[in-house]
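The values are calculated or read from the model by the stated rules, or taken from the named source; none is laboratory data. Only a predicted model underlies this, so the values are computations on that prediction, with no experimental measurement involved. With ideal geometry, Cβ positions are generated from the backbone for all residues, glycine too; neighbour counts draw on all protein chains shown. With ligands, DNA and RNA removed, areas are computed over all heavy atoms of the protein, side chains included. Shrake-Rupley method; radii C 1.70, N 1.55, O 1.52, S 1.80 Å.
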Amino acid sequence: MTVLTTRSSHRCFDGQQIYLEHESTVIGLAMRFSVFLPPVCTGEKPEKRPVLFYLAGLTCNEETFMIKAGAQRLAAELGLILVSPDTSPRGANIDGDNSHWDFGVGAGFYLDATEAPWSKHYRMESYITSELLTLVLAQFPADARRVGIFGHSMGGHGAITLALKHPDKFHSVSAFAPIAAPMDCPWGHKAFAGYLGDDRSAWAAHDSCALIAAGKRCPPLLVDQGLADQFLAEQLSTDKLESTCQAAGQSLQLRRHAGYDHGYYFISSFMADHLAHHAKHLV
């Protein structure tokens, strides 16, 4: 069994907020993640409960969501386990991995890189869908039949694409301001060219709109988008996600909100709706 090192643990809404580290065989480096256990999971007889994986955005880490999103109180009430991994490997010491805020450290894009030197350690898709999921199900009272995934921006991209590609593993999905068509935006061009090479056919396996158009489906999708988001026009492709889902028959509830930007004030404002969405689909 994988050895977990507890970096810190905190009582929170009668549950437990835990920050952990382990040696990853998939990544080949130490990886950190965080877990919130609701009260029903912390007593002498822990109850098996649904688990939600949250994928954070560019520059974030395993702490960002737990500190900023205000999700624990609601998760405690609903009996939801929350898990948030880091956004990339750290300590790979690849030349240039800290040179750009939107590529390399803090910007793994939740895919398995195929281009050297990134392919050795940057394997976030396999890490989340195989190693971390298995680890959480084995060492915490999480129900394998009730697993959801959601995320923000780069993490919204990750949540939707992983739900589309692994419908047997994720039974609910939502996103805040996702990068919905990375093949068509600067962030995606930079990440995909670096991690996957120049063959755009390989990029399509990591693009939500391309996957849906190609026939992939996920559970009913909830997306919230702020209309004052500074990245909306150039990076996010929300309108394309909407039209692609409509054409393909993929269930989508897309909510646009005047005045909201790209940050955690926006995310925390609608967190209750997202947790309720997952609780509904993970009964």
Task: Conditions (1) assigned to a loop (DSSP other than H, G, I, E, B); (2) β-branched (Val, Ile, Thr); (3) touching a residue at least 60 places away in the same chain (Cβ under 8 Å); number of the one not met by THR59 - done: (3)
Open item on the list: If GLN246 satisfies all but one of (1) open to solvent by 50 Å² or more (accessible area, probe 1.4 Å); (2) outside any loop (DSSP other than H, G, I, E, B); (3) within 24 Å of LYS190 (Cα to Cα); (4) not hydroxyl-bearing (Ser, Thr, Tyr), what's the number of the condition it fails?
Closed with: (3)
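Within the range 15-27, restricting attention to residues that are touching a residue at least 40 places away in the same chain (Cβ under 8 Å) and surrounded by 14 or more Cβ atoms within 10 Å (Cβ to Cβ), which residue is farthest from the chain's Cα centre (by Cα)? Can you show your working first?
Quick first cut of the range 15-27, residues touching a residue at least 40 places away in the same chain (Cβ under 8 Å) only: 15, 17, 19, 22, 24-27.
Imposing the further condition that a residue be surrounded by 14 or more Cβ atoms within 10 Å (Cβ to Cβ) reduces the set to 15, 17, 19, 22, 24, 26-27.
Working: GLY15: 22, GLN17: 18, TYR19: 17, HIS22: 19, SER24: 18, VAL26: 18, ILE27: 17 Å.
Out of the qualifying residues, it is GLY15.
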Open item on the list: Suppose the filter is assigned to a helix (DSSP H, G or I) and among the acidic types (Asp, Glu); does ASP273 pass it?
Closed with: yes
- [ ] Find the residue count for the range 101-138, including only residues that are in a helix (DSSP H, G or I) and either exposed (fewer than 15 other Cβ atoms within 10 Å of the Cβ) or within 16 Å of the chain's Cα centre (by Cα) (or both).
- [x] 15
Open item on the list: Could you check the range 206-243 and list, in sequence order, the residues that are open to solvent by 40 Å² or more (accessible area, probe 1.4 Å) and either touching a strand residue (DSSP E or B) at 6+ places or on another chain (Cβ under 7 Å) or not charged (D, E, K, R) (or both)?
Closed with: ALA213, ALA214, GLY215, PRO220, LEU227, ALA228, GLN230, PHE231, LEU232, ALA233, GLU242, SER243
